[in-house]
Amino acid sequence: MKKYQLDELSVFFPCYNEEKNIENTVSKAIKVLNNVVKKWEIILINDGSKDNTGKVLEKIKFANPKQIKIITHDPNRGYGAALKSGLYNSQYQWIAFSDSDGQFDFGEITKFIDKQKETNSDIVIGYYLSRKVSKATILTSKIWEIIVFILFGLKVTDIDCGFKLINKKVVDTIPRLEAERGAFISSEFLIKSKKSGFKISELGVHHYPRVEGQATGRNIKVIIKSFSDLFGLWYKINFKRA
Ligand SMILES: Nc1nc2c(ncn2[C@@H]2O[C@H](COP(=O)(O)OP(=O)(O)O)[C@@H](O)[C@H]2O)c(=O)[nH]1
Ligand SMILES: [Mg+2]
């Protein structure tokens, strides 16, 4: 008999213009899930893609209608909104998400599960073992992390890494997440999880170059909005009810 690592896992992938990547990402994930998890679902969030992502997702679902769900935002709402749709529509006890562009190796989910078991944590977050990004990106991330530490006492190696494993009870405890655009969602989620006393552990993950499509993660408008959201959350937690 097969020995599974987990009984139940919901996996979701945020997709924005990933027509050339998503099929490959999902088929690799299915292979891994069939070996590692007894009962699983994959949720694909099409966040108002302007290319053929929608059609490709229909094709993927057609091959596996019971285990694959599609959520469509039209028009585009942003990475944060896509993450919220994934988190709040996941039905199983454990939830994992990763990027749809193939830059992570979903096979590393086995290490997340091992880490969770070793540490008995409620959330396992990835950090990039090596990420080839510009000096400006490294600098903005560092400033961001210092501010998050000063305002909220949260210190992790990489807040924004897009590969995480989360117990559903954490999501059920957080009734509302505000972030819509940009990477603020990860900080908001971890700040609120820490405030509720959940245990967070960390795991180094590999990151590979993007082969198809374009990264849309960072632009100056998104960065400014993220900083204003961060101060807004600090104000809310300290002076209002979050
Ligand atoms: N839902 C949604 N997903 C996005 C958006 N922008 C990027 N993504 C997805 O988020 C993931 C990471 O985005 P990417 O631009 O590759 O960022 P990077 O790898 O951190 O440079 C990919 O799976 C994208 O498809 C967006 O506006 N909405
Ligand atoms: Mg990427």
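Averaging 1/r over each pair of different alpha-carbon atoms in the chain and inverting the result gives 18.3 Å, the Kirkwood hydrodynamic radius. Couplings 3J(HN,Hα) of the range 44-55, computed from phi: 10, 9, 8, 8, x, 4, 9, 9, 8, 3, x, 5 Hz, in residue order, whole Hz [Karplus 6.51 cos²θ - 1.76 cosθ + 1.60, θ = phi - 60°; x for Gly and Pro]. Close amide H partners of Ser49, meaning residues 5 or more places away or on another chain with modelled amide H under 5 Å apart, are Asn17. Working note: Karplus 6.51/-1.76/1.60 with θ = phi - 60° gives the range 132-138 the couplings 8, 10, 6, 4, 4, 5, 4 Hz, where Gly and Pro are set to x.
Taking a quarter of the surface of the Cα convex hull of the range 31-104 gives a mean projected area of 5.4 nm².
Surface listing: His73, His207 arranged by accessible area from highest to lowest gives His207, His73, probe 1.4 Å. The string of couplings for the range 223-236 from the Karplus curve (6.51, -1.76, 1.60, θ = phi - 60°) is 5, 4, 4, 5, 5, 5, 5, 5, 5, x, 5, 4, 4, 4 Hz, one whole number per residue in order, with x for Gly and Pro.
Given contacts defined as C-alpha pairs under 8 Å and at least six residues apart, what's the relative contact order of the chain, whole-number percent? Each step should come with its number before you reach the end.
Working: 404 pairs, mean separation 56.3, N = 242.
Computed over the chain, the figure is 23 percent.
Under 5 Å from the amide H of Phe97 lie the amide H atoms of Phe12, Lys164, each residue being 5 or more positions distant or on a separate chain, with H modelled from the backbone and absent for Pro and chain starts.
The length gained by stretching the chain between Lys55 and Lys3 to full extension, at 0.36 nm per residue less their Cα-Cα distance, is 15.2 nm.
For the range 154-202, applying the loop criterion from DSSP together with a ceiling of 16 other beta carbons within 10 Å to the trypsin sites (Lys or Arg not before Pro) yields Lys155, Arg176, Lys199.
The range 75-113 and the range 1-69 have Cα centres separated by 10 Å.
In a simple Cβ point-charge model (Lys, Arg +1; Asp, Glu -1; nothing else charged), the range 11-154 has a dipole of about 160 debye relative to its Cα centre.
Let me check against my output: what whole-number percent is the relative contact order of the range 155-215, with C-alpha pairs under 8 Å and at least 6 apart?
Rounded, it is 35 percent for the range 155-215.
When the Gaussian network model of the chain links Cα atoms closer than 10 Å, the mean-square fluctuations of Phe13, Phe106, Phe62 top out at Phe62. Taken per residue, the accessible surface of the chain reaches 52 Å², heavy atoms only and a 1.4 Å probe.
Here is how the number arises for the chain: DSSP H runs of 4 or more residues each give -39500 (n - 2.57), the sum is divided by the residue count, and the result at 222 nm is -13500 deg cm²/dmol. Using the alpha-carbon positions of the range 184-227, Rg (one decimal) and Dmax (whole number) come out as 14.7, 40 Å.
The values are calculated or read from the model by the stated rules, or taken from the named source; none is laboratory data. None of these values were measured; they are calculated from a predicted model. We place every Cβ from the backbone using ideal geometry, glycine too, and count neighbours over all the protein chains shown. To get the accessible areas, we keep the full protein, side chains included, count just its heavy atoms, and leave off ligands, DNA and RNA. Shrake-Rupley method; radii C 1.70, N 1.55, O 1.52, S 1.80 Å.
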